[in-house]
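Notes follow the structure.
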Amino acid sequence: MKHFNLIQGFRAKRYTLSCVAAVLLAFSGCAPRPQTQSQPEAAKRGAVADKAMVVSAHPDASNIGLEILRKGGNAYDAAIATQFALAVCYPVAGNIGGGGFLVYRHHTGETGALDFREKAPAGAHRDMYLDEDGNVIPNLSLLGHLAAGVPGSVDGMLKIHEKMGSLPFAELVQPSIDLARRGVVLTEREARMLNNARKEMIDHNKHTPYLTRQQPWQAGDTLYHLDLARTLERIRDKGRDGFYAGETADLIVKEMQRGGGLISHQDLKDYNAVWRTPIKGQYKDFTITSMSPPSSGGIALMQLLTMVEPYDLKSYGWQQPQTIQLMTEAKRRVYADRATYLGDPDFYKVPTAGLLDRTYLKERMQDVSLEQATASSAVKAGELPVYESDQTTHFSIVDQFGNAASITTTINGNYGSMVVVEGAGFLLNNEMDDFSAKPGVPNMFGLIGGEANSVQPGKRMLSAMTPTIVEKDGKLFMVVGTPGGSTIITSVFQTILNVVEHDMTMQEAVAAPRFHHQWLPDEIQHEPDAISPEVRQALESKGYKLTQRRKYGAVEGILVLPNGKLEGGADPRGDDVAVGF
Ligand code: DON
């Protein structure tokens with residue numbers, strides 16, 4: 001079996017060059033920032049607020065969320081407004097054509113989770129991305145109409161509103177409609193990303209998508225989203241029927257027919273976001289609440305934390321050989337389990353209890369040696385104890401009432417499938433690539449999978465998204481999450497440890513350089529400056545392979561400080577902004 005390096009060898013080479021380059025370029029530009037912004041990279045503390053805070057990937061979205069809180073809306077109102085705003089000002093990942101997950105903690109202490117992940121259309125089938133010889137057809141699950149799953153974001157926002165919203169839904173959508181008509185001023189970074197995506201957008205649309213134009217976009221240009229404004233108005237006025245029926249549904253289905261896609265009126269009608277029981281676990285004094293399947297995030301994060309808990313990471317020190325070794329050995333084993341055992345719980349019996357069993361996780365770490373790296377080829381998914389019974393963006397919000405919302409939302413790659421629904425002004429996701437197109441063949445993120453995550457009609461593709469809430473002594477402590485495909489889980493893992501073991505502020509914790517291991521390929525992938533030359537040498541002498549990659553992820557965190565104030569950590573890798581009052 002050939003394993004793929006995240007940077008060097010995705011299955012979809014052509015896609016990788018533009019899409020991943022765009023993600024990476026995303027982290028090199030700078031946007032004008034409002035006064036309440038979080039501090040630059042070197043800052044020790046992020047933005048501090050007395051009562052309420054929004055941290056997202058775009059200043060316009062953070063400010064729209066904050067406005068809703070100022071009007072007296074709660075964290076869930078602000079989350080809905082921020083999600084719609086990101087669909088306008090951050091089209092690379094913000095969306096109404098994708099899906100995501102919410103993890104929340106009510107001020108009463110009640111926690112919960114909403115799954116608004118996309119689903120495979122009814123016409124999808126197991127081998128839809130294979131040629132006659134059974135080989136994966138490059139790019140088919142990544143670009144164009146067949147890459148799109150049935151979008152879940154709009155139903156997700158409506159479900160959140162129905163259960164927990166306090167302001168009228170129309171008031172939460174309106175700021176995004178106004179923004180779409182007023183136009184969004186492009187930063188240098190956004191202009192570059194759109195220019196990078198231009199060719200693929202033109203290739204994968206029968207019309208000329210409004211996100212492209214003849215001459216290159218430049219910083220300072222205004223991008224108007226007029227069709228999207230009309231789509232958002234239909235959602236504002238008709239709710240579910242403004243997207244899953246009527247004109248928007250007609251436009252989506254027409255788009256599918258033009259491009260040979262599968263999403264039908266019936267698929268749209270059948271789509272339903274689902275309330276799920278989140279994954280809950282304990283790490284020392286901290287209670288972790290994170291996303292359950294169809295995301296692997298919560299289970300994997302809890303496995304990682306439980307596996308390193310017995311070790312004194314604090315005394316080993318941040319980014320020191322033993323700390324990196326232990327975290328890496330845990331990651332290797334966790335991603336091997338992920339590839340075998342995780343999938344949509346509505347289709348596949350996920351052995352959650354076994355995967356989180358403390359004795360099992362302890363045994364998984366028993367063959368770890370600090371003298372020598374384990375080879376991934378020697379690691380398989382574990383034998384579980386038997387039980388009776390199972391380009392993305394993140395934003396974190398805490399309101400003045402003590403409610404917390406943690407949402408990671410995605411259209412998967414940058415600009416998703418590149419398909420813009422003609423007349424409706426939004427991009428469709430390419431989430432179908434998160435299925436395992438063929439057992440053992442890596443997807444865009446180098447992740448492999450098997451039967452648990454095979455394509456089936458109506459099934460949700462496995463995710464790594466890890467929107468998370470941490471409590472200490474029964475009180476809200478941290479709200480955190482990030483984009484980054486397969487690296488999401490390990491970035492959240494590291495950010496939590498940075499704060500609770502290495503005494504970092506929220507801002508330091510999100511800014512700190514990260515490293516990643518996902519079982520296969522068998523290498524530690526690290527950001528520049530994440531690992532000193534001495535530590536590298538120590539790790540290499542023990543058999544670890546290290547590969548430097550460019551910066552990844554965009555962690556957005558909120559930390560409750562001992563004095564009760566809130567610290568926002570906005571990732572300096574992007575234009576991310578924390579605002580509060
Ligand atoms: O659900 C998942 O795990 C992926 N579709 C997330 C994609 C992602 O984070 C891309 N962003 N950089």
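General observations
- By average C-beta atoms within 10 angstrom, highest first, the peptides 212-219, 328-335, 281-288: 328-335, 281-288, 212-219
- Which listed pairs, of LYS199/LYS254; LYS314/LYS475; LYS475/LYS565, have C-alpha distances above 20 Å, in listed order: LYS199/LYS254; LYS314/LYS475
- Take the Cβ atoms of HIS107 and ASN272, set R0 to 35 Å, and the FRET efficiency comes out at 0.80.
- Each eigenvalue of the Cα gyration tensor of region 231-281, multiplied by 5 and square-rooted, gives one semi-axis; in descending order these are 26, 17, 9 Å.
- Rounded, prolate or oblate (a/c below 1.5 giving rounded, otherwise prolate when a/b exceeds b/c) for region 445-581 by Cα gyration tensor: oblate
- Note on THR222/GLU171: beta-carbon distance plugged into 1/(1 + (r/R0)^6) with R0 of 22 Å gives a FRET efficiency of 0.30.
- Efficiency of FRET from Cβ geometry, GLN282 and ASN135, R₀ 45 Å, rounded to 0.05: 0.50
- As a rough guide to protection, the peptides 534-544, 110-120 ranked by mean Cβ packing within 10 Å, highest first, stand as 110-120, 534-544.
- Summary of the geometry: region 416-487 and region 124-146, compared by the centres of their Cα atoms, lie 18 Å apart.
- Cα shape, the chain, gyration tensor, a/c 1.5 rule: rounded
- For region 380-446, the C-alpha radius of gyration divided by 2.2 N^0.38 Å, with N the number of residues, is 1.69.
- Cα shape, region 296-412, gyration tensor, a/c 1.5 rule: oblate
- Within the chain, helix-based [θ] at 222 nm, where runs of 4 or more DSSP H residues each add -39,500 (n - 2.57), nearest 500: -10000 deg cm²/dmol
- Available extension along the chain between HIS207 and LEU370 is 52.9 nm, counting 0.36 nm per residue and deducting the alpha carbon span.
- Counting 0.36 nm for each residue step from ARG45 to ARG182 and taking away their Cα separation leaves a gain of 45.9 nm.
Only the coordinates and a few stated rules stand behind these numbers; no lab work does. All values reported here derive from a predicted model rather than from experimental measurement. All Cβ positions, glycine included, derive from the backbone under ideal geometry; neighbour counts span all protein chains shown.
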